[in-house]
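Visitor: Quick one: the structure is below, questions incoming.
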Amino acid sequence: MANMAQAIRLALHYGETHLGVTDIFGEDVGAPLGGVFTCTQGLKSTWNTPLDERGIIGTAIGLALAGGKPVAEIQFCDYIFNTIDLLKLAGNSCWSSNGQYPLSMVVMTPSGAGIHGSLYHSHSFDAWATRLAGWKVVMPSNPADAYGLMLAAIEDPNPVLFMAPKALIRVKGETLIAGEPASEKELKEMIDAPIGDARKGWKPKWPKLEFTPVELGKGSIARDGSDAVVVTYGRHVHIATKVADELASEGRGSVRVVDLRSLYPYDWNLISESLRNCGGRILFLNEDTEITNFGEHLLRRTIEEHYYELRARPRLIAGRHVPGVGLAPPLEDASIPQAAQIKEELTALLAERT
Amino acid sequence: MSSRKFPAQPFKDKKFCIDFFKLMVRNRVLEERLIKMAKSSDGFFWIGGPGEESTNISLGLLVNKGHGLKHDFLHLHYRSNGVLLAMGQPMLDFIRQMRCVSTDPFSGGRNFVSHVCRRDWNIVPVTSTIETQFLMAPGTARAQMKLRKQDKDSGITVVIGGDAGTAEGDFASCLIWSSRPGEELPLLMIVTNNQYGISTPAGTQHGEKHIADRAKAFGIKCERADGVSPEKAWEAISEAMEYVREKGKPYLLELMVSRLYGHSSSSGANYIDGEECPIKSFEKKLLKNEWLSKAQIEKVWNDALEEAATAVATARSESWPDPSTVLDHSFANNQKAGLPGRDF
């Protein structure tokens, strides 16, 4: 099965050959590296840029203003913060021009902790991103969704921020992407650039892919259950699923895990339905810092719209409000929600009686 | 090339000069009317470009007007109303934007005056954020550069900003991105230098002798010229545009201009003595050449004043945007993704 980097690469290849992608660019995005996470190896529309995040976002806006369809990469979301006024401008271009200048552009960036990245390779951007009105925001938790969400992002006529959970970029999927060869080795030989001198003159052999977008705004159920629901996205889908499996095997309860996939627009219908069908018990979970966290919005809406359906106090587990994620594993673990904390909170949620 | 044809020596041509003068007067009358509207609660904040008429009218006439990569893209700033007037935009539309009525063709009553936008003329949205247009311009210019590499016709990209904004890193970004070896961009950067950043004199903040000199480090052709004189502004802009069109390479043009009413409403928007007025000196030329009499010049002013008054009356009769439209165009094609619970 493809890993997430390969899945993104496949989607971008489909985008540049079928969906009108004109430019795929960013720092080290073009040859020879093809991206620090290899997401852009072998693509025909890639080019390297100066080390200038503002220039990257500004150029993407300009290309979209000119009618192009750019995909720009910010190498780590930790370095997207100095572009935030430009992200605002991209988000308001259609609105402020009264519909004249919608911007069809994708910005992709790795987000979150989990690779021992210290202060500036562990940031999350999801809470900030959901405040960017005019943007659609997605974060896949597996390669198949990464492929489908990237296709949908490219096809969308609006700015879309595609955040890849850093810690999952090398993780293989569990389902084949439509058109992907069944053999991992075969896929690797087809689309992974060789190392060393063999890379010179190398060209990928692309599989015949199919257009299988994941609709923006539609979540999925990563693990079904009936006693409580965890609403999460990205890396924590896997952590929550593991915890749910443990709780089930220990006979403590059946926990559904909802993978939002899209943070904006988000699948409120799925959240509502899950709450009703999972005993009125809900936990929101993500790794961005807890103050003005996106999960707080979902929590507020849950209380406003489902107050009388709740059977237990709704909860949010988020990252600690610390200035950075520390390098030493105990510091990172103390900053980012861990399985033990999630299990403890879910156990309490399942046990609570109103 | 420009979408219009001009005499070989335009400022020796009577008709061209009279037409140019009329546009300058309309530009000035428009700005003064906008100031009056802001001060009399006929609108809100004013910012504009009185004193930059020579530059703006020249640019508006010289531009290759139209939609798509074969025409010029314009990344203007909030002192560029005259560019659009010269391109044929009615005075009424700027007044509509000051009144923030729903008929405002640039933003539908959403943005400040002088924040223009017109897709069918490649005029991208003017932003209040200083110098960000210098980050976006390489994008439209890159799309045009790619067309040129296929030996196809393409327009050029023009970006314009003030002198104070060049302190932003975005200006340096534009110099770098437009001169990447082998991928030089057909991009004309214009800096209108009025020697102030709101209230702060440039000389107290900038050590460089001339802003234009900054291009030299990148091998970008540059020039510094008088942007007050119509003849000199025209000559400088037309030469720069010709270079970018022919060579497909960037050019930095610094034009020294006046700022006749200060920065904006925030500085009072009162007439500043001691700044050179581009129109007064041009009037003298027209009189000296006996191309217009005093009475004819007065009529030009009166016609412009009447146009402005009529426009204000029209705009006053039009309504503000309906509050039910506040979410319109949050997303392309009015896709539903607005307030949670209401749209999805």
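Visitor: Can you report the number of residues in region B:83-118 which are outside any loop (DSSP other than H, G, I, E, B), closer than 18 Å to B:Leu62 by Cα and not small (Gly, Ala, Ser)?
Guide: So the count comes out to 5.
Visitor: Among the residues that make up region A:172-180, is at least one of them in a strand (DSSP E or B) and not acidic (Asp, Glu)?
Guide: yes
Visitor: Ok, one more. Would region B:161-172 turn up any residue that is buried (at least 21 other Cβ atoms within 10 Å of the Cβ), under 26 Å from B:Gly43 (Cα atoms) and in contact (Cβ under 8 Å) with a residue 12 or more places away in the chain?
Guide: yes
Visitor: Condition first: over 26 Å from B:His71 (Cα atoms) and part of a loop (DSSP other than H, G, I, E, B). Can you find one or more residues in region A:91-103 that meet it?
Guide: So far as region A:91-103 goes, no, none of its residues is over 26 Å from B:His71 (Cα atoms) and part of a loop (DSSP other than H, G, I, E, B).
Visitor: Take A:Lys200 and tell me if it is at pLDDT 95 or above and away from chain B (no Cβ under 14 Å). Give the steps one after another, and end with the answer.
Guide: On the way: at pLDDT 95 or above: no; away from chain B (no Cβ under 14 Å): yes.
No, not satisfied.
Visitor: For region A:250-271, enumerate the residues that are more than 11 Å from chain B (Cβ to nearest Cβ), assigned to a loop (DSSP other than H, G, I, E, B) and either polar (S, T, N, Q) or crowded, with 24+ Cβ neighbours inside 10 Å (or both).
Guide: Across region A:250-271, the qualifying residues are A:Ser254, A:Leu260, A:Arg261.
Visitor: Can you work out which of the residues in region B:109-125 that are surrounded by fewer than 24 Cβ atoms within 10 Å (Cβ to Cβ), under 21 Å from B:Asp42 (Cβ atoms) and not aromatic (Phe, Trp, Tyr) is nearest to the other protein chains (Cβ to nearest Cβ)?
Guide: Per the stated criteria, the residue is B:Arg110.
Visitor: On the given criteria, is B:Glu231 more than 25 Å from B:Ala137 (Cβ to Cβ), under 20 Å from the mean Cα position of the chain (by Cα), surrounded by fewer than 22 Cβ atoms within 10 Å (Cβ to Cβ) and not aromatic (Phe, Trp, Tyr)?
Guide: So B:Glu231 passes the test.
Visitor: Anything in region A:319-343 that is closer than 30 Å to A:Gly253 by Cα and part of a helix (DSSP H, G or I)? List them, or say none.
Guide: Answer for region A:319-343, where residues must be closer than 30 Å to A:Gly253 by Cα and part of a helix (DSSP H, G or I): A:Pro330, A:Glu332, A:Asp333, A:Ala334, A:Ser335, A:Ala339, A:Ala340, A:Gln341, A:Ile342, A:Lys343.
Visitor: Kindly indicate whether B:Tyr261 is away from chain A (no Cβ under 14 Å), in contact with a Leu (Cβ under 9 Å, 6 or more places away or on another chain) and surrounded by 12 or more Cβ atoms within 10 Å (Cβ to Cβ).
Guide: Considered against the rule, which asks whether it is away from chain A (no Cβ under 14 Å), in contact with a Leu (Cβ under 9 Å, 6 or more places away or on another chain) and surrounded by 12 or more Cβ atoms within 10 Å (Cβ to Cβ), B:Tyr261 comes out as no.
Visitor: Of a type in the set (Ser, Thr, Tyr) and touching a residue at least 40 places away in the same chain (Cβ under 8 Å): is that true of A:Ser226 in this structure?
Guide: It is true that A:Ser226 is of a type in the set (Ser, Thr, Tyr) and touching a residue at least 40 places away in the same chain (Cβ under 8 Å).
The values are calculated or read from the model by the stated rules, or taken from the named source; none is laboratory data. Remember, it's a predicted structure, so these values are computed and weren't measured experimentally. As a convention, Cβ positions derive from the backbone with ideal geometry for all residues, glycine included, and neighbour counts pool all protein chains shown.
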